[in-house]
Amino acid sequence: MSTSDIHILSTGTALPGSAIDNAALGKRFGMDALWEQWVDTFVGTKSRYLSFDLDSGEPFGRLADLGETAGRAALSAAGVEPGDIDAVVLGTATPDMLMPATVNVIADRLEIDAVPTYQLQSGCTGAVQALALARHLLRDDGIRTVLVLAGDTCTKYFDMDADYSELPPAELINLVLFGDGAGAAVLSSEPRPGAPVLREVFTRLVGGGLPPGHELDWFGPADKHEERPGVTEDYKAVEHLVPGLAGEVLGELLERLEWSAGEVDFLLPPQLSGRMTERIVAGLGMAEAEEVTCVAEVGNSGNALPFLQLDRLLTRMADGDRAVGVAIESSKWIKGGFAVERVA
């Protein structure tokens, strides 16, 4: 075992409320039965978790609430006290406010103080970016234990008064795809029996010259009445580009680690939607690896998803098992991946 190994001591997750299926979502927003059939057939997401009451539209949770719950669960599972944490990192595309940073609100609630904190604003690779930053920190003197957080409250962009039956597909798809959630992990440079090792993690911007595939706007007092949507998704571009990028990430991970495809026991694929994930997995050619996926049940909760996958993975891994994870961000096209191994 290398002295530079980074160990995953624990994970924690948080999902708001109860699962909301397509029928309930369609009824709330005035969609017909054909819409529900379209979602099941072409999108494949069966349910999601929303941080607002579906009937009244009133919010009941923010990212800081979900992050606190996930972080507290991870600390408890690791047997780590707040005072043992040397740094906190959060990856999110949807912070609660521009200031104060949501990472600092969560740290304060968890009674973590007098340590470096970092908030990375990024889409679906933000969780991987947070893992990469934590890994760098843990290889620095004086940093032994890092709390890594990731999550999104995507549904803050839902317009509860909109007539969704009249929206173009670029906007309607967001009602179907997205949900809310958060995840956390405690990483340490100090070994612990049974703790998996984070073998590799990387992210890379690859969107030079490409238009954004996903945009989230931020409205302030001066422009809040502008006639433009808060969120758009070029789903055709996502369908076209993401499978190839996922294959590139997998290939780079295996090459860096000198692993063959047959030596990988678990695959954590991108979690865009149920159908998209199925397509990506089929194209990756990792039939011998057990798939760890959850998007069809929890919706696309952005940066929460890699940690929701990790949470499921750690309960399944036996000594000697290896896993690779892939994340692709369509906003300005970022690819990322990570690898985990449980050593004997």
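Brief remarks follow.
Residues checked against (1) aliphatic (A, V, I, L, M); (2) touching a residue at least 24 places away in the same chain (Cβ under 8 Å):
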{"site": "Val242", "(1), (2)": "yes, yes"}
{"site": "Leu250", "(1), (2)": "yes, yes"}
{"site": "Ser260", "(1), (2)": "no, no"}
{"site": "Pro270", "(1), (2)": "no, yes"}
{"site": "Glu278", "(1), (2)": "no, yes"}
{"site": "Val281", "(1), (2)": "yes, no"}
{"site": "Met286", "(1), (2)": "yes, yes"}
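- The lone exception for Ser76 - which of (1) touching a helix residue (DSSP H, G or I) at 6+ places or on another chain (Cβ under 6 Å); (2) of a type in the set (S, T, N, Q); (3) surrounded by fewer than 20 Cβ atoms within 10 Å (Cβ to Cβ) it fails: (1)
- Test result for Thr145, in contact (Cβ under 8 Å) with a residue 40 or more places away in the chain and farther than 26 Å from Gly299 by Cα: yes
- Qualifying position, being β-branched (Val, Ile, Thr), surrounded by 19 or more Cβ atoms within 10 Å (Cβ to Cβ) and on the phi < 0 side of the Ramachandran plot, among Val343, Val292: Val292
- Condition broken by Tyr49, with the remaining ones in (1) touching a residue at least 12 places away in the same chain (Cβ under 8 Å); (2) out of contact with any helix residue (DSSP H, G or I) (no Cβ under 7 Å at 6 or more places or on another chain) satisfied: (2)
- Evaluation of Leu50 against (1) closer than 26 Å to Glu233 by Cβ; (2) in a helix (DSSP H, G or I) (one fails), failing number: (2)
- Meets criteria (touching a Lys or Arg at 6+ places or on another chain (Cβ under 7 Å) and under 30 Å from Met160 (Cα atoms)) for Glu58: no
- Taking the criterion of being buried (at least 24 other Cβ atoms within 10 Å of the Cβ), under 25 Å from Val39 (Cα atoms) and in contact with a strand residue (DSSP E or B) (Cβ under 6 Å, 6 or more places away or on another chain), the residues of region 308-331 that qualify are Leu308, Gln309, Val326, Ala327, Ile328, Ser330.
- Residue in region 57-77 that is in the same structural domain as Ala19 (by TED's automatic domain parsing), part of a loop (DSSP other than H, G, I, E, B) and among the aromatic types (Phe, Trp, Tyr) present: yes
- Flag for Gly83 being small (Gly, Ala, Ser), at pLDDT 95 or above and crowded, with 24+ Cβ neighbours inside 10 Å: no
The values are calculated or read from the model by the stated rules, or taken from the named source; none is laboratory data. Please read all numbers here as calculations on a predicted model, not as lab measurements. Cβ coordinates were reconstructed from backbone atoms using ideal geometry, including for glycine residues, and neighbour counts include every protein chain displayed.
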